[in-house]
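The values are calculated or read from the model by the stated rules, or taken from the named source; none is laboratory data. Being a predicted model, the structure only gives us computed values, none of them experimental. FYI the Cβ positions are ideal-geometry reconstructions off the backbone, even for glycines, and counts take in every protein chain you see.
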Amino acid sequence: MEALTRKEEKVMQILWKLKKGFIKDIIEQLPNPKPPYNTISSVVRILEKKGFVYYEAFGKTHQYYPKISKLGYKKYAFKKLLKNYFGGSYENVVSYMINEEEISPEQAKEISNILKKGNNNK
């Protein structure tokens, strides 16, 4: 699996929400000003080539479906973030969040307890 660009991710977020849709359905979900039809069509074709979507043909038009689940991509993206920015260390993630005041020390302890419980259930 490869990473999505911002545009690709916006389109995938919409398809995950809709579960299936035509290009016009995707465009309707985008904020104003709406991008041109051909732009979104190109993004969806790229997503198809990358293996993120598949389609069902209805004459000359296609209805698109996510091939990769949102959870599946979330796992991939988080593992990539963890590896590339935190040396693969969950401790580094929690430490970063505490240092940046994103979570309190109490919340960090709770996370630690959750992780310990998770390791014991394996």
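Listed here are the residues, each with its yes/no results for (1) modelled with pLDDT under 85; (2) β-branched (Val, Ile, Thr); (3) part of a helix (DSSP H, G or I).
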residue	(1), (2), (3)
SER41	no, no, yes
TYR55	no, no, no
ILE68	no, yes, no
SER95	yes, no, yes
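From the set of residues in segment 1-23 that are touching a strand residue (DSSP E or B) at 6+ places or on another chain (Cβ under 9 Å) and not aliphatic (A, V, I, L, M), which is surrounded by the fewest Cβ atoms within 10 Å (Cβ to Cβ)?
The residue in question is LYS19.
Can you find, within segment 36-45, the residue that is farthest from GLY72 (Cα to Cα) among those that are touching a Lys or Arg at 6+ places or on another chain (Cβ under 9 Å) and surrounded by 16 or more Cβ atoms within 10 Å (Cβ to Cβ)?
So the first thing to find is which residues in segment 36-45 are touching a Lys or Arg at 6+ places or on another chain (Cβ under 9 Å), and the list is 37, 39-40, 43.
Those still in the list that are surrounded by 16 or more Cβ atoms within 10 Å (Cβ to Cβ) too: 40, 43.
Details: ILE40: 23, VAL43: 20 Å.
Here the residue is ILE40.
Being farther than 30 Å from PHE22 by Cβ, surrounded by 13 or more Cβ atoms within 10 Å (Cβ to Cβ) and over 17 Å from the mean Cα position of the chain (by Cα) is the filter here, so list the residues in segment 49-106 that pass it.
PHE86, ASN92, VAL93, VAL94, SER95, TYR96, MET97, ILE98, ILE103
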